[in-house]
1. Of all the residues that make up segment 114-134, how many are out of contact with any strand residue (DSSP E or B) (no Cβ under 6 Å at 6 or more places or on another chain), assigned to a helix (DSSP H, G or I) and surrounded by 12 or more Cβ atoms within 10 Å (Cβ to Cβ)?
2. Give just the number: which of (1) surrounded by fewer than 17 Cβ atoms within 10 Å (Cβ to Cβ); (2) over 17 Å from residue 60 (Cα atoms); (3) in contact with a helix residue (DSSP H, G or I) (Cβ under 8 Å, 6 or more places away or on another chain) does residue 141 not satisfy?
3. When you scan segment 69-95, how many residues do you find that are part of a helix (DSSP H, G or I) and modelled with pLDDT of 95 or more?
4. Of the numbered conditions (1) without any contact (Cβ under 8 Å) to a residue 60 or more places away in the chain; (2) buried (at least 22 other Cβ atoms within 10 Å of the Cβ), residue 86 fails exactly one; give the number of that condition.
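The values are calculated or read from the model by the stated rules, or taken from the named source; none is laboratory data. As the structure is a computational prediction, the values presented were derived from the model and not from experiment. Here Cβ is always computed from backbone atoms with ideal geometry, including for glycine, and neighbour counts include all displayed protein chains.
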């Protein structure tokens with residue numbers, strides 16, 4: 001089984017302000033264990049207005065999984081032979097996708113459903129919570 005690590009993070013400028021429309025952003029890094037950073041890719045995304053921090057967290061994970069899926073469909077590889085390790089600082093995403101936490105926010109349900117659907121494409125998915133400091137070292141935010 002081939003393993004990829006997806007380190008992902010999302011945020012929202014103005015997320016906690018009632019006077020500013022929030023603007024979502026996120027990024028992900030994909031690498032393989034025991035490989036140097038030359039063999040990794042980091043992609044930043046802008047998600048637009050009205051996106052919350054938690055929505056952006058989910059969106060960056062979904063984009064990372066889609067990147068792997070699209071890359072491997074092009075070489076006809078079986079996704080069931082791929083394991084992914086998701087590294088994030090979002091307790092919420094980890095809890096909702098791997099620990100059975102309830103999804104109370106209606107805006108997150110479709111994103112969680114999409115993420116779960118993509119996770120089923122892979123042979124194995126595991127989660128690892130990392131610190132904001134480590135996240136900043138990898139993604140720059």
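1. Pass one, segment 114-134, residues out of contact with any strand residue (DSSP E or B) (no Cβ under 6 Å at 6 or more places or on another chain): 114-118, 120-121, 129, 131-134.
Next, only the ones that are assigned to a helix (DSSP H, G or I) stay: 114-118, 132-134.
From what's left, surrounded by 12 or more Cβ atoms within 10 Å (Cβ to Cβ): 114-116, 118, 134.
Result for segment 114-134: 5.
2. Status for residue 141: all satisfied but (2).
3. Residues of segment 69-95 part of a helix (DSSP H, G or I): 69-73, 79-81, 91-95.
Then drop every residue that is not modelled with pLDDT of 95 or more, which leaves 91-95.
Result for segment 69-95: 5.
4. The one condition residue 86 does not meet is (1).
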